[in-house]
Structures are given as structure tokens and as C-alpha cells.
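The values are calculated or read from the model by the stated rules, or taken from the named source; none is laboratory data. Owing to the predicted nature of the structure, the values given are computational and were not obtained by experimental measurement. Cβ sites come from the backbone with ideal geometry, for glycine too, and all protein chains shown count toward neighbours. Note: areas computed on protein heavy atoms with side chains; ligands, DNA, RNA excluded. Shrake-Rupley method; radii C 1.70, N 1.55, O 1.52, S 1.80 Å.
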Amino acid sequence: MGVAIVLALVVIGSVVFHFLSPWWWTPIASNWGYIDDTMIITFWITGAVFTAVVLFMAYCVFRFRHREGRRAAYEPENKRLEWWLAIGTGIGVAAMLAPGLVVWHRFVTVPKDATVAEIVGQQWQWAYRLPGADGHIGATDIALVTADNPLGIDPKDPRGQDDIVIQGDQLHLQLGKPVKLLLRSLDVVHDFYVPEFRAKMDMIPGTVTYYWLTPTRAGTFEALCSELCSTGHTFMRGGVVVEPESQYRDWLQQQKTFAQLQSPARTQAKNQE
Amino acid sequence: MVDVMHGVPEPRPAAETEDVELYHPHSWITKYVFSQDAKVIAIQYSLTALAIGLVALVLSWLMRLQLGFPGLVSFIDPERYYQLITMHGMIMVIYLLTALFLGGFGNYLIPLMLGARDMVFPYVNMLSYWIYLLAVLVLVSGFLVPGGAAGAGWTLYPPQAILANTPGQQWGIIVLLVSLILFIIGFTMGGLNYVVTVLQGRARGMTLMRMPLTIWGIFTATVMALLAFPALFVAAVMMLLDRLLGTSFFMPAIIAMGEPLAYKGGSPILFQHLFWFFGHPEVYIVALPAFGIVSDLISTHARKNIFGYRMMVWALIAIGALSFVVWAHHMYVSGMYPAFGFFFATTTLIIAIPTAIKVYNWVLTLWQGDIHLTVPMLFALGFIVTFVNGGLTGLFLGNVVVDVPLSDTMFVVAHFHMVMGVAPILVIFGAIYHWYPKVTGRMLHDGLGKLHFWVTFLGAYAIFFPMHYIGLMGVPRRYHEIGGIALVPPSAATLNEFITVAALIVGTAQLVFLFNLVWSLGHGQPAGGNPWRATTLEWQTPHTPPAHGNWGETLPVVYRWPYDYSVPGAAEDFLPQNQPPVPRTG
């Protein structure tokens, strides 16, 4: 009797905790509300199954507990019941998987009009690169990384000259504009994760990975490193500022290009002419 | 129908082949230390695994103290914290769970439940244990070497795992990799033994479809382990070469702390694929023996046949096979080829179906049963609750796009602890309360057992259920403090304190269990040969504890499946597997 009550209380407690919990995901700031929707569907289906199974178990423990002279039934199999349960489970699984795959298809399909921004991870800081007026970012090579060229941009690639390089500060993104984030790492695996965006992807040294999103809410958001990168992992934070186009343009104006950072003397001379 | 006894089967003749002469120990050393008797080896495996498990428990206390009360224990800096989590994870998954289920329960139960005198290769079996012990000692030496134990996370992702600023990079990682290689060598010896014994060593009449589900679970898991561990083996060897000889299997050209390293052209993702090709089947290598054992616990203590035996066997095999094509669901956000997500999400969610069938069949076994709420039964019930909970959160993480925000957060930590930490360990406890009387001849103390159960079950649930919600907020795992994150409200710190207090209490409850193990050895109630009135062969031995050779003069002959509980018309509510059918009268 007591055991059955405790089992039922575990279910009730879990459900109550779920609905009253002050710990819940942060308000979304990107187009990936689909992910939240899929998660909500999953919560309902799995919650119903958990509740049903444990309450059924609690009922059995109460109803069929040992008493003097009691004898169990003898029923080795029930093909019909087993198949119905398997089919029902299959339907429940499909109800979660189908929307999941549809949303994944969107997640891996970058819109044609997406702009590009690069995020580079390095123990334990972030750097960012935006394309210049030509709309392209230049080639890079890890062998070219120096103190003056921290991202290893190829100086021979003309597309790289006007690239905007931002170190250790915040990345600014334009509100409502889809952006493909290209991810690089110079040392170990990192992961640039803004919980409000819901999206993340590891950055692997030696290769370029990516994900895309459309920021839908203006504001400043903290970025967390989400892949263990040794002792500074906890403190490897970055930031993203999402702002409307005009403010974004103003900010962009103030940033330095690769060419400017490479040869400040030459640029200054050019400006004085 | 299954091999269910409605009609009268052909009585089977006794063995026609002669009994093989056993190895007989001649001294105390060969009887209790370098023993070739599977029962002694099983106890050696179990005690070693429990001892190293205690180390892992203490490590978890320390890491929980840091998370609940940051800075309280001053020597836990980030470096130490990462050493704690790395060693805790490695020990629990491999050196405790794998070793205890297969080396411990496998060795004890395979010969006894199948009616064999011993394993088929006793000498190799002995070697298996001693190599395992060596692996454990090498692992523990990691705490003592210069630079301390490995602190790269138990997943050991390169390049981080072997870089100079990673904790334990000096010696810890080398020692750990060597220990893993040793473990796999030792396991392979034992594993081949278990598989061949199951296939070749069964008593007369013990057909495959008359084997208890415990044996099916251990057998399937062993086959899987023999196929999965080689992937870890090669990954460990290659990483060792990268670390010691400067090869570049997993190391691309990188700049570490401003300095370019000599590595060039290797692939960090390749390691992840190898690791998880082992790592995912590993989850089921731990789970399938637990599935099998819990089926037998429920059936015995509910005095009812397991529901849907054949479906249970096929579900075990289906899960075992499917678990080899789901590994990359650990890598949805690793930067691998994105289209893999469709395939691995589909296979992962399909595996939920045979798993769900097992759950249904456990609870349907309770239906119309005669449920004795013994300590093993309580642990079995606790297993179902935690396994269902942890299995269902797997549907979040397996469904590729839902995994994107959750991966590498505390949600994952909560999920895998619930499903492959708490759930299998509850089965281990249930199994120990169940089989201790056979191993020692005495019962464990019932009241202490119930105390141990309630604190462990409710406490572990209180630790890991709320932890999901910390992850849901977006808090990454492997942060040694979460206070500095902007989106984390101060109330989360209170929750973390609560979880830590619960963890300390649950840990302390394990001391009650240890006390019970030792105390009952001398003071437990004498158990007799078959205290649970169970049907399977290990309870029908002529001696308790079973003597060398297990069966005395003649091997048992099996006449029925292992679940003849409460058979209509039978006088007792159980019919042992070796009980001949009563000839039909009239």
C-alpha cells in the first residue's frame, strides 16, 4: 500500500515540479521556435507515457500485492496486446520524429539570402570576422596566424583585405536578417552557444563548420562555450548584440578591416592624402 | 506458445557424453586467489568493481560539493574539477558497470543458470580477472603520477585530451589510455569465455529459448562488447601514438597558446566516431544485463511468468543490433556531415520501440501477479521508474533538432545518469539482495535493505530529475560553477545546493549497504538453498553456497522454461526448471 502511494507521489511530484518550475528555457530570440514546438510535443507525449506507466505500476502494486492465499494468474503471452502496444508506440515515436526531421531539414538548409559571419574560437576567447563591402570573406590558413594576423587571413586573397576583424568583443548581428555563422577553431573543439538562439554547432580545428539563424529579438545575449576546452572552459564567454539595420550600420562603420589592422601606418598615410 | 508446460514433453535422457574432468585447486592460493572457479572469479570481479566504484562515489561527492557550494572545498580548482569528472565517468561506465555486470554477474550466473560445472576456458577466465585488476590499478595510479589524473572529460576528445594545458596531460592521459587497453584485453578473454559457455556449455534440455532472460541479457551484451570495444581499443592506441610519438591520427595543425604545434592533417572527428561507435553500444552493454536481471527479479518476486518471453528475447537482440547504427546521435552538433542527422535520428527513435516493449512486458508481468514487496522487488520497481524517466528524455536527445539546444547541457547529464547510472545500479543492488543468499548462504538484513532502497531510489530521483531543468535553461555541462552565467537566476544556486545535499545523503546510504554486506556474512539469517522459491537452476544446486563443480555427481537436466510460476494445477507456485513433468494420468 505504502509503496503504491510513494510511486504515485513520484509521478504527481514530477508533474507538479514540471509545471511550477521557475527553471525553464529563456525567451527565444531567433527563428528556431520550431525547436521549442517540437520539444513541447515531446514533453506531452513522453510525459503522458511516464505518467501512465508508473501509475499503472502503482495500481498493480496496490491491487496485486501479496496476501495470504493469493495466487498469480498464468498468462505467458498475449500476441494481440503485444502488437497493439508496439504499434501504438510506433505511432507516438513517429509523432515526435516527423516534426523533428522537418525542422532539421530547415536547420541544415541555409537560405540563399543569408549573410555570412565567422566566429573563431581559441582558448579561451572568441574572435569574429565579417565580410567587407565585397560581401565575401577571404581565405585563411592556420599557418598564417601571427600576433598581427590572429585569424590567419591570407593577405594574398583580395577578398580578405576588407574583412572586418573583431577580437574579444561582441559580435553584432542585424535584426531579422538570416545569417550563416561559419565556425573555426585554432586549437581545440569549442562551441559557440547562445541559449536564446537555441542553435549551436561545434567548431573543429582543421575544418569549417556552420549553422544559421535569423535573430528575431533585439538585445545583448551572452554566448557560452558549450564543448569542454580545458580549464578556462567555464569562463569562455562571448556576446552577441542584435540590433536594427541603422544601428548595425553605425557599428559596422567603426570597425577596422583586415587591411587597416595589418598596416596601420600605410592606412594612416593613405587617409592623410 | 513458448516452452510453456501445458502438455507433457519428451523426458530427455541424461547426458550421454562423459563429464569433462574439472581443474581442481590444490592449495589455498589456487582456490581463493589464482582461482579458476568462475564463482570465485565472479566474487573477485564484483569486490574489485565495488571498491573502485566507491572511489567514483567519493569523486562525485567532491564535484557535487563544488557545484552546490562553490569554493567551499578550496582545493577544487577547475583543473581538479575536470580530473574529478573524468575519472568519475570512466570508472562508473567501464570499471564498475561493465565489469560488475559481465565479469561479476556473468561469471557467477552463466554456469549456474545454464547447468554447467564452470566456464569452458577456466584458465583464460582467471587471466581475465587479473588483467582487469591490473587495469584498475593502472587507472588508480593516475591519481599519483606527476600532473595528476587525466582531466579531459571521460569522452577524451582530441585535440584537447593531449594538449599541454589540459589537466593530466603529462602522465594521467597515458596511464588512462594504457589502462583502457588493458581492460579491453582482459574483457575480451572473459567475453569469449561467456559467449562460448552460453553456446556450448548448457545442460541437457537447456535450449536457447529456455534460458533465463538474465543469461540472454548478459549474452547479448557480451557479443556487443566484443564487437564494440575494439573501436575504443584502436582509438586508444592511436591517441597514445599521437601523444607519445607525435603522430597525427586525430591532430590537425593547431596553434596552442600562441605556438604552432608539429601536428598536421589528423581528424578530431574521426576520434569521435570511433569513441561513440564503442560508446553507444556501451550504454546497452550496461543496460541489457540489467534488462535481463530485472526481468527475472520481477518474475520471481511477483510469482508470475515474465510476460511475452519470446518478444523479450527478440527485443534484446533487436536493441543489441540497432545500437550499432545509432552512435552518431552523440555527434549531432559535432560538425559532422549534416545529413547524417536524418539517418541517426530515425534509427535512434526506432530503438525506442523494442525498449518500450520491454517496459510494457515488465509492468504487465505485475498485472494479476502475487507481488511480494521484497527488497529485490523494490529495487526492480525503482529501476522501472528511473529507466522509463531516463529513456523518455532520450527521445528528446535522439530527435536530432531537439538535441541542438540541449546537447552538452546539464539536461544530458541528468538524462544519462538516470538511464545508465541510477537505473542499472538499482538493478545491481536488487540483484545483490537477490543472489547474496546463494553466494553466502545467508540473507541480507531486510530492514537495512529497505532503508537502503528508499534513500537510494528517492534520493537519486531527487538529484537527477530537477537537474534536467537546469539544462533546459541552457546551462552547459562541465562548468565547475554556474553562478556567472547571465541567464541563470539565483534560485538555480539553491537548487544546486539541494541536489548536492541529496547526493551526500544517497552516498551515505551506500555505507548502510556495505555494512549490511559485511554484517550479514556472519549474522544474516540462514538462507537455505532456495529462499525465494525460484525456478532457475542456480537455486537447485545440491550445496549452498554451490561447491566446486556446482552440481555434485550428476548434471541437472532441464525440462521446462524458467518461468513456471503459479502454474494452474501445480501444488507449489513454482516448478523448477529441472523438475521432470508429471506423467499425464488417465
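The table below gives the values:
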{"quantity": "The lone exception for A:MET96 - which of (1) assigned to a helix (DSSP H, G or I); (2) in contact with a Ser or Thr (Cβ under 7 Å, 6 or more places away or on another chain); (3) hydrophobic (A, V, I, L, M, F, W, C); (4) within 25 Å of B:LEU381 (Cβ to Cβ) it fails", "calculated": "(4)"}
{"quantity": "Check on A:LEU55, among the hydrophobic types (A, V, I, L, M, F, W, C), within 43 Å of the chain's Cα centre (by Cα) and either over 26 Å from B:HIS415 (Cα atoms) or within 7 Å of another protein chain (Cβ to nearest Cβ) (or both)", "calculated": "no"}
{"quantity": "Qualifying positions in region A:79-96 - under 30 Å from the mean Cα position of the chain (by Cα), at the interface with chain B (Cβ under 8 Å from one of its Cβ atoms) and surrounded by 18 or more Cβ atoms within 10 Å (Cβ to Cβ)", "calculated": "A:THR89, A:VAL93, A:MET96"}
{"quantity": "Residue that is surrounded by the fewest Cβ atoms within 10 Å (Cβ to Cβ) [pool: residues in region B:468-493 that are within 10 Å of another protein chain (Cβ to nearest Cβ) and assigned to a helix (DSSP H, G or I)]", "calculated": "B:SER491"}
{"quantity": "Residues located in region B:21-39, provided they are open to solvent by 60 Å² or more (accessible area, probe 1.4 Å) and not hydroxyl-bearing (Ser, Thr, Tyr)", "calculated": "B:GLU21, B:HIS24, B:HIS26, B:TRP28, B:ILE29, B:LYS31, B:PHE34"}
{"quantity": "Filter result for B:ALA339 (modelled with pLDDT of 95 or more, more than 21 Å from B:TRP367 (Cα to Cα) and open to solvent by 10 Å² or more (accessible area, probe 1.4 Å))", "calculated": "no"}
{"quantity": "Some residue of region B:453-466 being touching a residue at least 12 places away in the same chain (Cβ under 8 Å), part of a loop (DSSP other than H, G, I, E, B) and of a type in the set (A, V, I, L, M, F, W, C)", "calculated": "no"}
{"quantity": "Top-ranked residue in region B:456-467 [being among the hydrophobic types (A, V, I, L, M, F, W, C) and more than 8 Å from chain A (Cβ to nearest Cβ); ranked as surrounded by the fewest Cβ atoms within 10 Å (Cβ to Cβ)]", "calculated": "B:ALA462"}
{"quantity": "Matching entry among A:PRO76, A:PRO99 (being open to solvent by less than 50 Å² (accessible area, probe 1.4 Å) and touching a Phe, Trp or Tyr at 6+ places or on another chain (Cβ under 7 Å))", "calculated": "A:PRO76"}
{"quantity": "Complete set of residues in region B:227-248 that are in a helix (DSSP H, G or I) and open to solvent by 40 Å² or more (accessible area, probe 1.4 Å)", "calculated": "B:LEU227, B:PRO230, B:PHE233, B:VAL234, B:VAL237, B:MET238, B:LEU241, B:ARG243, B:LEU244"}
{"quantity": "Lone unmet requirement of (1) open to solvent by 40 Å² or more (accessible area, probe 1.4 Å); (2) in contact with a helix residue (DSSP H, G or I) (Cβ under 6 Å, 6 or more places away or on another chain); (3) of a type in the set (Asp, Glu) for B:GLU259", "calculated": "(2)"}
{"quantity": "Single residue of region B:88-123 satisfying the filter (open to solvent by 20 Å² or more (accessible area, probe 1.4 Å) and not in a helix (DSSP H, G or I)) that is nearest to B:LEU555 (Cα to Cα)", "calculated": "B:ARG117"}
{"quantity": "Residues of region A:102-122 classified as closer than 30 Å to A:SER230 by Cα and either surrounded by fewer than 16 Cβ atoms within 10 Å (Cβ to Cβ) or facing chain B (nearest Cβ under 8 Å) (or both), total", "calculated": "3"}
{"quantity": "Tally, over region A:120-135, of residues that are outside any loop (DSSP other than H, G, I, E, B) and under 17 Å from B:ILE254 (Cβ atoms)", "calculated": "6"}
{"quantity": "Counted residues, region B:366-403 - those being surrounded by fewer than 24 Cβ atoms within 10 Å (Cβ to Cβ) and among the charged types (D, E, K, R)", "calculated": "1"}
{"quantity": "Among the candidates B:ALA509, B:ALA534, residue that is buried (at least 22 other Cβ atoms within 10 Å of the Cβ) and under 27 Å from the mean Cα position of the chain (by Cα)", "calculated": "B:ALA534"}
{"quantity": "Near pairs, Cβ below 6 angstrom, 6+ apart or cross-chain, from region A:1-23 (more than 10 Å from every other protein chain (Cβ to nearest Cβ)) to any residue that is assigned to a helix (DSSP H, G or I) and modelled with pLDDT of 95 or more", "calculated": "A:ALA8/A:ALA58"}
{"quantity": "Residue match in region B:164-173 (condition: aliphatic (A, V, I, L, M), crowded, with 24+ Cβ neighbours inside 10 Å and either on the phi < 0 side of the Ramachandran plot or not in a helix (DSSP H, G or I) (or both))", "calculated": "yes"}
{"quantity": "Verdict on B:GLN83 being open to solvent by 10 Å² or more (accessible area, probe 1.4 Å) and either within 13 Å of B:ALA149 (Cβ to Cβ) or part of a helix (DSSP H, G or I) (or both)", "calculated": "yes"}
{"quantity": "Qualifying positions in region A:24-40 - surrounded by fewer than 17 Cβ atoms within 10 Å (Cβ to Cβ) and more than 8 Å from chain B (Cβ to nearest Cβ)", "calculated": "A:PRO27, A:GLY33, A:ASP36, A:ASP37, A:ILE40"}
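Residues checked against (1) touching a helix residue (DSSP H, G or I) at 6+ places or on another chain (Cβ under 6 Å); (2) assigned to a helix (DSSP H, G or I); (3) within 16 Å of B:GLY391 (Cα to Cα); (4) open to solvent by less than 10 Å² (accessible area, probe 1.4 Å):
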position: B:PHE250; (1), (2), (3), (4): yes, no, no, yes
position: B:ALA253; (1), (2), (3), (4): yes, no, no, no
position: B:TRP276; (1), (2), (3), (4): yes, yes, no, no
position: B:LEU297; (1), (2), (3), (4): yes, yes, no, yes
